[in-house]
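Presented below is the structure to which this report refers.
Every number here is computed from the coordinates shown, using simple stated rules; none is lab data. Just so we're clear, the structure is a prediction, and the values are computed from it rather than from any experiment. Positions of Cβ are backbone-derived with ideal geometry, glycine not excepted, and every protein chain shown enters the neighbour counts.
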Amino acid sequence: MDGEKGVSEIRDIIRTSNSATTHALMELEERKLVERSSDTCRLTSKGKLMGVTLSKFMNSMDAVRLHREFWNKHSIGSIPTEFLMDINVFRDAYIVEATQDDLQRPHTTYSEMLDNATHLRTMLSSCLPRHTESLASFVETGGTAEFILTPDTYHVFLGDYGLMNLQELMDSDLLRIAFLPEKQELSYMISDKFFSMSLFKRDGVHSSETEILMGHGEEILQWGNRLFDYHWSLSSVLDSEALGSIRETPLPLED
């Protein structure tokens, strides 16, 4: 995949004998995956396509294997299948977990990350006062933000923050808010520096206080932004005048 290679170079990379290397290359050549000339080899077009496919598959398996306990404990039902197909982006992610000595570690970690961010996109399906305080501090110190709120967080967030303060920030273009009417089983944040995600456990309990999955690479940031765009497209974007107009319970249908 990196370009043309000599047979001896391939042998050294995969750490096997000359005969085993030669035999493998002959089989690949028969399948039209490799072309050979004198002592060098290169992938055919078919070989490159297979290489790309296998590389993504192996990276996906790494992402599943490395975080298998996290995936096993949590629900992934709110992550659309098209995004699960790109789960390979999590191969370089890491888990930040609360411990008996540091119960606040997940919250502290993303709060510290916010100090170096300039723009934030977040979906909240669980909202505690500490979340509101961190997000409020970020926006009030000059950061710009987009929030997606769900039925479980909309009125809690507005109550904790204060309607007048939110309307002022929205009118100044520092803050955009959208409401997603369907309940979700994940919360996440994307900045220009990090992506963090917490999922509901399989018993329905949100785990934002115990574990978050976090990454910093370009691939995971792009994945997070695509996921946010997807959820934003399903949401109702609110202006400052409409903020607070969503009822906690739906009105009964008229006859």
Among (i) 1.33; (ii) 0.97; (iii) 1.47, only one was calculated for this model; which label is it, if the read-out is Cα Rg over 2.2 N^0.38 Å? (i)
What percent do you get for the relative contact order of the chain when only Cα pairs under 8 Å and 6+ apart count? 19
Under a point-charge model restricted to the Cβ atoms of Lys and Arg (+1) and Asp and Glu (-1), what is the dipole moment magnitude of the range 75-238 relative to its Cα centre, in debye to the nearest 20? 280
M61, M214, M85 arranged by Cβ crowding within 10 Å, fewest neighbours leading: M85, M61, M214
Counting only other residues whose beta carbon sits under 12 Å from that of Q167, what net charge do I get with K and R as +1, D and E as -1? -4
Any lysines with Cα under 16 Å of the K201 Cα? List them, leaving off those in the same chain fewer than 8 positions away. K73, K183
Starting from the Cα of K48, draw a straight line to each of the lysines and keep only those under 19 Å, dropping any in the same chain fewer than 8 residues away. K5, K32, K56
